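Written out below as structure tokens is the structure these notes cover.
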Amino acid sequence: MSVPSQYLFTICQHGAEDALKLEFAKTWPDWRLSYSRPGFVTWKLPEDTKLAPDFDIRSVFARTHGFSVGKVTGELANDLAARVWPLVEARPVDHIHVWQRDEHVPGSKGFEPGPTDLAYEAAVLIRDAQPAADRRLPINRTARSGDAVLDCVLVEPNEWWIGWHRATNLPTRWPGGVPLIETESQIISRAYLKLAEALRWSQLPMAKGDLCAEIGSAPGGASQLLLERGMYVLGVDPAEMDEQILANPAFAHIRARASEVKRSEFSRVRWLLADANVAPTHTLDSVEAIVAHDDIHVRGLLLTLKIPDWELVNQIPAYLDRVRSWGFKYVRARQLAFNRQEICVCALKNRSMRRFKPKGPPRRRRKET
Ligand SMILES: C[S@@+](CC[C@H](N)C(=O)[O-])C[C@H]1O[C@@H](n2cnc3c(N)ncnc32)[C@H](O)[C@@H]1O
């Protein structure tokens, strides 16, 4: 079924609207920019556009999207909630997702994306205002693939934009395209959150006992998560690792730049991560120098590519082609909700490749003093 629609809403990181515009100028050149606020961009589609409810938006920067059905404004949340349902018309709804647009760049001013009390309160009011409801709809849970989702974006507390989409891939199943990340412990750095989301989104088949290497591992939030999940970790970074990470026998630190490390150190690495604060081409050079080596059999990659200048958005397809040229068949990119001005690239050599378990912990353990 295709849905005739005039407007689409997209959610992106606060401040990444220009990246989204650059990207859509190439992917969806007929779409016209309409109402926009930081983190929330709507598009007017050409007359007679018919998009399947589960169409693929093919975007790195759109966290999630939906068909825009209107907005409600006013001071009383009860009134706003009652005015949502007439906008939804006869569309089916299995699930309600309500969220606030990002107030700041993630990691700035104490802000992290995710559920807020205000959004939850609005969701309850919307659910309870549903006329002739035969069941209480689930609120802000991960929808199932195929579920019809009523979206409500609190662009401001008194300005709610209403949309509708059918959940397909994982990010379209999460409220606002943000997974709920729960942490068991005090996190060492935000890289913990980034990697938790990257693993959830990429679904790379990493398993307990696998050996991962990370270029740019200090201070160690990502290592902390990998160690919690039972993996062995080789951290490569000239900077100091957190003591708690160094004390873990499943962790080894090579205190050097990636280019200074002998390739043989990576011979048993299954998963290669990179999170160095350098230009994207520098990260790709460092990774290529490792994975291009005949004796190295890395199965998958999770790379953070810094995008310090949004003009680099136009280079992203070339970055992904470069990763493919190393023999990785499945390559995708996304600006994760917990990323800052950067994107995550995941790559897998071969989905059917059999898992190869390393026989033990990394051979070297160099504890810096
Ligand atoms: C954003 S931090 C990494 C955070 C880390 N992933 C964590 O889990 O806490 C970037 C790191 O990249 C490191 N770095 C920069 N250039 C590097 C290179 N050529 N090789 C290895 N590490 C590098 C820096 O020393 C810095 O510690």
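The values are calculated or read from the model by the stated rules, or taken from the named source; none is laboratory data. This structure is a prediction, so every number in the text was calculated from the model and none was measured. No Cβ is skipped: glycine too gets one built from the backbone with ideal geometry, and neighbour counts run over all protein chains shown. All accessible areas refer to the heavy atoms of the entire protein, side chains included, with ligands and DNA or RNA removed. Shrake-Rupley method; radii C 1.70, N 1.55, O 1.52, S 1.80 Å.
Return the only residue of Ala198, Ala207, Ala167 being touching a helix residue (DSSP H, G or I) at 6+ places or on another chain (Cβ under 6 Å) and either in contact (Cβ under 8 Å) with a residue 60 or more places away in the chain or closer than 30 Å to Val84 by Cβ (or both).
Ala167
If we scan the range 293-312, do we find a residue that is exposed (fewer than 15 other Cβ atoms within 10 Å of the Cβ), part of a loop (DSSP other than H, G, I, E, B), aliphatic (A, V, I, L, M) and more than 9 Å from the ligand (Cβ to nearest atom)?
No, that holds for no residue.
Can you list the strands (runs of 3 or more DSSP E) lying wholly within the range 187-270 that have 3 or more residues being within 13 Å of the ligand (Cβ to nearest atom) and not β-branched (Val, Ile, Thr)?
Because the criterion is at least 3 residues that are within 13 Å of the ligand (Cβ to nearest atom) and not β-branched (Val, Ile, Thr), the strands (runs of 3 or more DSSP E) in the range 187-270 that meet it are 211-215.
Against the definition (over 17 Å from Ala337 (Cβ atoms), modelled with pLDDT of 95 or more and among the small types (Gly, Ala, Ser)), how does Ala132 come out, yes or no? Even if it seems obvious, please write down each step before you answer.
Working: over 17 Å from Ala337 (Cβ atoms): yes; modelled with pLDDT of 95 or more: no; among the small types (Gly, Ala, Ser): yes.
No, not satisfied.
Just a yes or no: is a residue in the range 128-137 in the same structural domain as Phe40 (by TED's automatic domain parsing) and within 22 Å of the chain's Cα centre (by Cα)?
no
Condition (residue is within 16 Å of the ligand (Cβ to nearest atom) and touching an Asp or Glu at 6+ places or on another chain (Cβ under 7 Å)) applied to the range 107-116: is it met by at least one residue?
For the range 107-116, residues within 16 Å of the ligand (Cβ to nearest atom) and touching an Asp or Glu at 6+ places or on another chain (Cβ under 7 Å): absent.
Table: residues versus (1) touching a Ser or Thr at 6+ places or on another chain (Cβ under 9 Å); (2) β-branched (Val, Ile, Thr); (3) surrounded by 19 or more Cβ atoms within 10 Å (Cβ to Cβ).
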residue	(1), (2), (3)
Val98	no, yes, yes
Gly114	no, no, yes
Asp117	no, no, no
Ile126	no, yes, yes
Gln130	no, no, yes
Asp134	no, no, no
Arg144	no, no, no
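Any chance you could count how many residues in the range 72-94 are open to solvent by 20 Å² or more (accessible area, probe 1.4 Å), farther than 20 Å from Ala148 by Cβ and in contact (Cβ under 8 Å) with a residue 40 or more places away in the chain?
Number satisfying all stated conditions: 6.
Among the residues of the range 150-160, count how many are more than 13 Å from Ile126 (Cβ to Cβ), touching a strand residue (DSSP E or B) at 6+ places or on another chain (Cβ under 7 Å) and not aliphatic (A, V, I, L, M).
Number satisfying all stated conditions: 2.
Residue by residue through the range 136-170, note down the ones that are under 28 Å from Ala333 (Cα atoms), of a type outside the set (Phe, Trp, Tyr) and assigned to a strand (DSSP E or B).
Ala148, Val149, Leu150, Asp151, Cys152, Val153, Leu154, Val155, Ile162, Gly163, His165, Arg166
Quick check: is even one residue across the range 70-91 in a strand (DSSP E or B) and closer than 19 Å to Asn140 by Cα?
Going through the range 70-91, the residues in a strand (DSSP E or B) turn out to be 70-73.
Among the residues that remain, those that are also closer than 19 Å to Asn140 by Cα are: none.
No, every residue in the range 70-91 fails to be in a strand (DSSP E or B) and closer than 19 Å to Asn140 by Cα.
Within the range 12-54, track down each residue that is of a type outside the set (D, E, K, R), part of a loop (DSSP other than H, G, I, E, B) and over 21 Å from Leu320 (Cβ atoms).
His14, Gly15, Trp31, Pro38, Gly39, Leu45, Pro46, Thr49, Ala52, Pro53
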